[in-house]
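Engineer: Okay, here's the structure, questions in a sec.
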Amino acid sequence: MSKIVFGYDKIKEDGDPIDNCIEYDFNGWKICDCGNVFLGMVQKIRHDYLVKSKREWVNLFVDTKLIDDIETNYIYVINVKEFTAAIGMERFTGKNYNKSVFDFISEDVLLDCQKNKCKILMNYGFEGFGEEVNDGDTILNKTLLERLHFLLDQHGIPQENFIYMDSNNILDTIKLDTKINYSSFEYCGLDWYRYTVMHPSMNYHGNTYSRRKMKKWENTKEKIRKKHFISFNRLPKSHRLNLVLFLESEKLLEKGFISFPKYDEFWNWNLTGENKFYFSIESLKKKLPLEIDKVDLKEKKWSFELFNNNFYLDSYFQIVTENQFTSFKDQLSFTEKVWKPITNLQPFILMADRHQIKQLKNWGFKTFHPFIDESYDDVLDEDKRQDMIFEQIKKLCNKPIGEIHDWYWSIEPILKHNYYHFYGKWIKSQRDKLLGRLDAN
């Protein structure tokens, strides 16, 4: 079967393409300057990629060509950092501008679209919001969908020849009043796979170096680890703040490796006396910042960066505070935060979108009920779900660390299953799903 072709306006001398519409500037923000991240979703990576590869985008499952050199049907990929800004609107005010990303698509591409030779793909895989989160920065937002329809009509682009993708799983189950093709894909999962494979220091299989790490992990059977848990919380989102306040109130902070910034370092906490952990604020402030790897939390932290895995080898479970903690029926998104414990052979408790655990099971992963009561995953009320999660954290942290050690190694088959399932069947299924949908379009 012939490869899908991605078309580009410009390609570097070394053969790597340049982001389409990269010149688009929205109020000083280069919306489409994304480093061609979508190509990472369709790339076959090896452990020696960083050493042997002479350019970035090699070993792709698709072809990349200049628009002028394409004779077959093709897909014109536009990566965007924000959907609302891409279509020329201010997210907070709803103000429309007379300029959008579509003004930076060449006449040749627009003509190919009208002739059904080209389909335009807008990739917003960085995010996966529902209509009530992040000011509704999604195609699920009726106002934004109407604006998108207007722009497509204005530029002569048939709705059938436009594709929208983000990482909200619910997108695949909702019927919108449009002829636009829309679907989800697991951007963070695919990108986490890519990143860890190219960095053997973050892996436990794949080459000699990584397999030595698996042996190092197995050797910890004879050693009691320092901490019960690990938890990453660089940005003080409300559910993360509640977690840290809870841990402080229960005197459990010392039981884990945990990060959290100084008070007011990013934004005001806006807490009132109605918060049940309000009494712990002042004592918590005196302990901040909480650091794991001694990196200044004010520094720009990317989702994917090298990390000292010894912290995983010296703790037993992870408290995952996802990007969002919601119960909305139109949002179910996964970031790399879920995949970090799985690829580091740790059980986890999830503060995340409702039904994340259910979705993980649907994908073939195994979780940790009944030792961890995961019934919280079904609870609609966020306050009740939070209380149930905190109860499980308290239960685990109050157990002697020797008992946690024994439990951890009793679930070794589950930890290994999840690890190899991620790198094996699951990644292949997600890439095949993505390529299949692109091919069908």
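The values are calculated or read from the model by the stated rules, or taken from the named source; none is laboratory data. No experiment lies behind these values; they were computed from the predicted model shown. Every residue, glycine among them, receives a Cβ derived from its backbone with ideal geometry; neighbour counts consider all protein chains shown.
Engineer: Looking only at the stretch 49-66, decide whether some residue is of a type in the set (G, A, S), buried (at least 17 other Cβ atoms within 10 Å of the Cβ) and either out of contact with any helix residue (DSSP H, G or I) (no Cβ under 8 Å at 6 or more places or on another chain) or not assigned by TED's automatic domain parsing to the domain that holds F129 (or both).
Structural biologist: Going residue by residue through the stretch 49-66, those that are of a type in the set (G, A, S) are 53.
Those left that are additionally buried (at least 17 other Cβ atoms within 10 Å of the Cβ): none.
Looking for residues that are of a type in the set (G, A, S), buried (at least 17 other Cβ atoms within 10 Å of the Cβ) and either out of contact with any helix residue (DSSP H, G or I) (no Cβ under 8 Å at 6 or more places or on another chain) or not assigned by TED's automatic domain parsing to the domain that holds F129 (or both), one finds none in the stretch 49-66, hence no.
Engineer: Considering each of K221, K262, K255 in turn, give the residue that is assigned by TED's automatic domain parsing to the domain that holds T321, farther than 30 Å from M198 by Cβ and modelled with pLDDT of 95 or more.
Structural biologist: Values: K221 fails: farther than 30 Å from M198 by Cβ; K262 fails: modelled with pLDDT of 95 or more.
Going through K221, K262, K255 in turn, the sole match is K255.
Okay, residues lined up against (1) out of contact with any Lys or Arg (no Cβ under 8 Å at 6 or more places or on another chain); (2) at pLDDT below 95:
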{"position": "N398", "(1), (2)": "yes, no"}
{"position": "L415", "(1), (2)": "yes, no"}
{"position": "N418", "(1), (2)": "no, no"}
{"position": "F422", "(1), (2)": "yes, no"}
{"position": "A440", "(1), (2)": "yes, yes"}
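Engineer: Got at least one residue in the stretch 246-256 being within 25 Å of S327 (Cα to Cα), buried (at least 22 other Cβ atoms within 10 Å of the Cβ) and of a type in the set (A, V, I, L, M)? Working first, answer last.
Structural biologist: Within the stretch 246-256, the first condition is being within 25 Å of S327 (Cα to Cα), and the residues that meet it are 246-247.
Subset that is buried (at least 22 other Cβ atoms within 10 Å of the Cβ): 247.
Narrowing the set further to residues that are of a type in the set (A, V, I, L, M) leaves 247.
Within the stretch 246-256 (the criterion being within 25 Å of S327 (Cα to Cα), buried (at least 22 other Cβ atoms within 10 Å of the Cβ) and of a type in the set (A, V, I, L, M)), the answer is yes, since at least one residue qualifies.
Engineer: While we're here: So is N98 out of contact with any Phe, Trp or Tyr (no Cβ under 7 Å at 6 or more places or on another chain), surrounded by fewer than 17 Cβ atoms within 10 Å (Cβ to Cβ) and closer than 30 Å to H205 by Cβ or not?
Structural biologist: On the way: out of contact with any Phe, Trp or Tyr (no Cβ under 7 Å at 6 or more places or on another chain): yes; surrounded by fewer than 17 Cβ atoms within 10 Å (Cβ to Cβ): yes; closer than 30 Å to H205 by Cβ: no.
Answer is no for this residue.
Engineer: Examine the stretch 425-436 for a residue that is assigned by TED's automatic domain parsing to the domain that holds F246, at pLDDT below 95 and out of contact with any strand residue (DSSP E or B) (no Cβ under 6 Å at 6 or more places or on another chain), and state whether such a residue exists.
Structural biologist: Within the stretch 425-436, not a single residue is assigned by TED's automatic domain parsing to the domain that holds F246, at pLDDT below 95 and out of contact with any strand residue (DSSP E or B) (no Cβ under 6 Å at 6 or more places or on another chain).
Engineer: Among the residues of the stretch 227-286, which ones are in contact with a Phe, Trp or Tyr (Cβ under 6 Å, 6 or more places away or on another chain), in a loop (DSSP other than H, G, I, E, B) and small (G, A, S)?
Structural biologist: The answer is S259, and nothing else.
Engineer: A follow-up question, please. From the list S315, S333, S327, which one is out of contact with any helix residue (DSSP H, G or I) (no Cβ under 9 Å at 6 or more places or on another chain) and either polar (S, T, N, Q) or more than 19 Å from L415 (Cβ to Cβ) (or both)? Explain how you work it out, then say what you get.
Structural biologist: Values: S333 fails: out of contact with any helix residue (DSSP H, G or I) (no Cβ under 9 Å at 6 or more places or on another chain); S327 fails: out of contact with any helix residue (DSSP H, G or I) (no Cβ under 9 Å at 6 or more places or on another chain).
None of the others qualify; the one that does is S315.
Engineer: Looking only at the stretch 96-149, count how many residues are of a type in the set (A, V, I, L, M) and at pLDDT below 95. Please lay out each step first, then the result.
Structural biologist: Let us first name the residues in the stretch 96-149 that are of a type in the set (A, V, I, L, M), namely 101, 105, 109-111, 120-122, 133, 139-140, 144-145, 148.
With the extra rule that they be at pLDDT below 95, the set shrinks to 133.
Looking only at that region, the number is 1.
Engineer: Let me ask something else. Please go through the stretch 36-47 and pick out each residue that is assigned to a loop (DSSP other than H, G, I, E, B) and either in contact with a Ser or Thr (Cβ under 8 Å, 6 or more places away or on another chain) or in contact (Cβ under 8 Å) with a residue 40 or more places away in the chain (or both). Outline the logic, then answer.
Structural biologist: Initial filter on the stretch 36-47 (assigned to a loop (DSSP other than H, G, I, E, B)): 36, 44-47.
Listed by number, the residues that qualify are N36, I45, R46, H47.
Engineer: OK, next. Of the residues E391, E374, which single one is among the acidic types (D, E) and surrounded by 15 or more Cβ atoms within 10 Å (Cβ to Cβ)?
Structural biologist: Values: E391 fails: surrounded by 15 or more Cβ atoms within 10 Å (Cβ to Cβ).
Checking each option against the conditions leaves just E374.
Engineer: Looking at (1) under 25 Å from the mean Cα position of the chain (by Cα); (2) modelled with pLDDT under 95, which is the only condition T93 fails?
Structural biologist: (1)
Engineer: Can you confirm whether L380 is farther than 16 Å from H421 by Cα, assigned to a loop (DSSP other than H, G, I, E, B) and not acidic (D, E)? Talk me through it step by step, then tell me what you get.
Structural biologist: Working: farther than 16 Å from H421 by Cα: yes; assigned to a loop (DSSP other than H, G, I, E, B): yes; not acidic (D, E): yes.
Considered against the rule, which asks whether it is farther than 16 Å from H421 by Cα, assigned to a loop (DSSP other than H, G, I, E, B) and not acidic (D, E), L380 comes out as yes.
Engineer: Do the conditions hold for Y204, that is, is it under 17 Å from the mean Cα position of the chain (by Cα), under 22 Å from Y312 (Cβ atoms), of a type outside the set (A, V, I, L, M, F, W, C) and buried (at least 18 other Cβ atoms within 10 Å of the Cβ)? Spell out the reasoning first.
Structural biologist: Values: under 17 Å from the mean Cα position of the chain (by Cα): no; under 22 Å from Y312 (Cβ atoms): yes; of a type outside the set (A, V, I, L, M, F, W, C): yes; buried (at least 18 other Cβ atoms within 10 Å of the Cβ): yes.
No.
Engineer: Moving on to the next point. Where residues in the stretch 10-29 are farther than 13 Å from Y76 by Cβ and outside any loop (DSSP other than H, G, I, E, B), which of them is nearest to the chain's Cα centre (by Cα)?
Structural biologist: W29
Engineer: If you don't mind, there's one more thing I want to ask. Here are L380, L415, L360, L396: which of them is closer than 17 Å to L332 by Cα, surrounded by 14 or more Cβ atoms within 10 Å (Cβ to Cβ) and not charged (D, E, K, R)? Step through it out loud before you land on a result.
Structural biologist: Values: L380 fails: surrounded by 14 or more Cβ atoms within 10 Å (Cβ to Cβ); L415 fails: closer than 17 Å to L332 by Cα; L396 fails: closer than 17 Å to L332 by Cα.
Unique residue meeting the criteria: L360.
Engineer: Here is a follow-up. I'd like to check which helices (runs of 4 or more DSSP H) are fully inside the stretch 88-207 and have at least 1 residues that are of a type outside the set (K, R) and within 30 Å of H421 (Cβ to Cβ). Even if it seems obvious, please write down each step before you answer.
Structural biologist: Details: elements: 107-114, 142-154, 187-198.
Result: 187-198.
Engineer: Which one of these does T173 not meet: (1) among the polar types (S, T, N, Q); (2) farther than 30 Å from E132 by Cα; (3) surrounded by fewer than 21 Cβ atoms within 10 Å (Cβ to Cβ)?
Structural biologist: All conditions are met except number (2).
Engineer: Right, something else. When you go through (1) over 21 Å from F104 (Cα atoms); (2) in the same structural domain as D108 (by TED's automatic domain parsing); (3) not acidic (D, E) one by one for R194, which number turns out not to apply?
Structural biologist: Every condition holds for R194 apart from (2).
Engineer: Follow-up. From the list I45, I78, I87, which residue is under 23 Å from the mean Cα position of the chain (by Cα), under 19 Å from I4 (Cβ atoms) and either surrounded by 20 or more Cβ atoms within 10 Å (Cβ to Cβ) or among the aromatic types (F, W, Y) (or both)? Outline the logic, then answer.
Structural biologist: On the way: I45 fails: either surrounded by 20 or more Cβ atoms within 10 Å (Cβ to Cβ) or among the aromatic types (F, W, Y) (or both); I87 fails: under 19 Å from I4 (Cβ atoms).
After applying the criteria, what remains is I78.
Results for (1) of a type outside the set (F, W, Y); (2) touching a residue at least 40 places away in the same chain (Cβ under 8 Å); (3) touching a strand residue (DSSP E or B) at 6+ places or on another chain (Cβ under 6 Å); (4) outside the structural domain of E131 (by TED's automatic domain parsing), shown as yes or no for each residue.
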| residue | (1), (2), (3), (4) |
| --- | --- |
| H149 | yes, no, no, no |
| N169 | yes, yes, yes, no |
| D172 | yes, no, yes, no |
| G206 | yes, yes, no, yes |
| K227 | yes, yes, yes, yes |
| L235 | yes, no, no, yes |
| N242 | yes, yes, no, yes |
